[in-house]
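Written out below as structure tokens is the structure these notes cover.
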Amino acid sequence: MTAYDRENIFAKILRAEIPAARVYEDDDTLAFMDIMPRADGHLLVIPKTPCRNVLDASPQQLAAVMLTVQRLSHAVRKAFDADGVTLQQFNEAAGGQEVFHLHFHILPRHEGDKLRPPGKMAEREQIEADAAKIRAALAL
Ligand code: AMP
């Protein structure tokens, strides 16, 4: 498998070289808003240490990320009064992966809704407002 690239965009977010709407972090993981949300509240959860995806992640990285995914799934459900939550995760280009640092997508869902098509940037104000809702739900 290709080696981990330290210049990938999520590595830059972890080093605070580029901005992100951060909603949660602990020693091992970070959660921030997806800039092209396919649903209001679309979040990404990543490990703070390098790995490309599930195929090269350590058990410790996977365990830490999954605990944060569960915590944030509860938070987005509360924040958006969601009926359900979709998790997505892609591995290597052939598996649909575009950014090669392990990440899980968390998408709040409502009965009968459809995910928006990929690739459309949201307004910064909207993303910040959604991030604030999730932070508030985490604080409850
Ligand atoms: P994938 O690797 O297929 O899971 O897709 C990468 C995801 O990262 C897409 O949903 C993008 O919208 C998202 N993304 C790309 N750049 C950024 C960024 N700078 N901040 C937040 N999300 C991003």
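Details
- Count of segment 91-103 residues which are under 12 Å from the mean Cα position of the chain (by Cα) and near the ligand (Cβ under 9 Å from one of its atoms): 3
- Just one of the listed residues (I18, I46, I13, I35) is more than 18 Å from P108 (Cβ to Cβ) and in contact (Cβ under 8 Å) with a residue 40 or more places away in the chain, namely I46.
- Residues of segment 42-51 that are over 11 Å from the mean Cα position of the chain (by Cα) and either open to solvent by 10 Å² or more (accessible area, probe 1.4 Å) or within 11 Å of the ligand (Cβ to nearest atom) (or both): K48, T49, P50.
- Failed criterion for F80 (all others in (1) closer than 21 Å to D27 by Cα; (2) among the hydrophobic types (A, V, I, L, M, F, W, C); (3) away from the ligand (no atom under 11 Å from the Cβ) hold): (1)
- P19 fulfils the conditions (1) more than 20 Å from L115 (Cα to Cα); (2) of a type outside the set (D, E, K, R); (3) within 10 Å of the ligand (Cβ to nearest atom); (4) open to solvent by less than 60 Å² (accessible area, probe 1.4 Å) except for a single criterion, (4).
- One residue stands out in segment 1-25 among those that are under 14 Å from the mean Cα position of the chain (by Cα) and in a loop (DSSP other than H, G, I, E, B): the one that is nearest to L138 (Cα to Cα), namely A21.
- Check on R77, more than 16 Å from L44 (Cβ to Cβ) and in a helix (DSSP H, G or I): yes
- Any chance D27 is away from the ligand (no atom under 14 Å from the Cβ), in contact (Cβ under 8 Å) with a residue 12 or more places away in the chain and open to solvent by 20 Å² or more (accessible area, probe 1.4 Å): yes
- Taking the listed residues A11, A63, A39, the one that is of a type in the set (G, A, S) and open to solvent by 20 Å² or more (accessible area, probe 1.4 Å) is A63, with no other qualifying.
- Residue satisfying all of: in segment 88-140; part of a loop (DSSP other than H, G, I, E, B) and among the basic types (K, R); surrounded by the most Cβ atoms within 10 Å (Cβ to Cβ) among these: R116
- Output for segment 38-58, where each listed residue is among the charged types (D, E, K, R) and in contact with a helix residue (DSSP H, G or I) (Cβ under 8 Å, 6 or more places away or on another chain): D40, K48
- Residues of segment 70-87 that are open to solvent by 20 Å² or more (accessible area, probe 1.4 Å), out of contact with any Pro (no Cβ under 9 Å at 6 or more places or on another chain) and not basic (K, R): Q70, H74, L87.
The values are calculated or read from the model by the stated rules, or taken from the named source; none is laboratory data. Bear in mind the structure is a predicted one, so any value in this text is a computation, not a measurement. All Cβ positions, glycine included, derive from the backbone under ideal geometry; neighbour counts span all protein chains shown. For accessibility, only protein heavy atoms count, side chains too; no ligands or nucleic acids. Shrake-Rupley method; radii C 1.70, N 1.55, O 1.52, S 1.80 Å.
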